[in-house]
């Protein structure tokens, strides 16, 4: 499976398991295993650089296992072949996203106007609170 010019995933790195799908489908659902569970051993993959593996782990989230594999489950259609295709596309897209290096955030300083507005709002709020005292009953 080709991801981009540098990264290609071999077939031995992918494991597919077909399971019974949940949801509507009548009696066919009980007979045919149309849902697919695609497992990619990302941690052991020689084709992924270390930085891509780190970003992939963060992007995969719950789909990342303790053993370092990405597990994708698809049961969208009643067709086993279509579900398999969708799972492979999702994996490829996930790896493509992890190859993109995120932009580094450049810290900025607040403007003088925003500082003055903030202090003015604090002062107004403090005045409102200072008026909330006990009332003397001198009458």
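Data for the structure
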| quantity | calculated |
| --- | --- |
| Of residues in segment 67-79 being out of contact with any strand residue (DSSP E or B) (no Cβ under 6 Å at 6 or more places or on another chain) and more than 14 Å from residue 53 (Cα to Cα), the one surrounded by the fewest Cβ atoms within 10 Å (Cβ to Cβ) | 79 |
| Residues being assigned to a loop (DSSP other than H, G, I, E, B) and either in contact with a strand residue (DSSP E or B) (Cβ under 8 Å, 6 or more places away or on another chain) or under 30 Å from residue 70 (Cβ atoms) (or both) - total across segment 98-139 | 6 |
| Within segment 1-41, considering residues that are more than 17 Å from residue 80 (Cβ to Cβ) and at pLDDT 85 or above, the one surrounded by the fewest Cβ atoms within 10 Å (Cβ to Cβ) | 41 |
| Among the residues listed as 58, 62, 118, the single one being in contact with a helix residue (DSSP H, G or I) (Cβ under 9 Å, 6 or more places away or on another chain), over 16 Å from residue 7 (Cβ atoms), at pLDDT 90 or above and surrounded by fewer than 16 Cβ atoms within 10 Å (Cβ to Cβ) | 58 |
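The values are calculated or read from the model by the stated rules, or taken from the named source; none is laboratory data. Remember, it's a predicted structure, so these values are computed and weren't measured experimentally. Here Cβ is always computed from backbone atoms with ideal geometry, including for glycine, and neighbour counts include all displayed protein chains.
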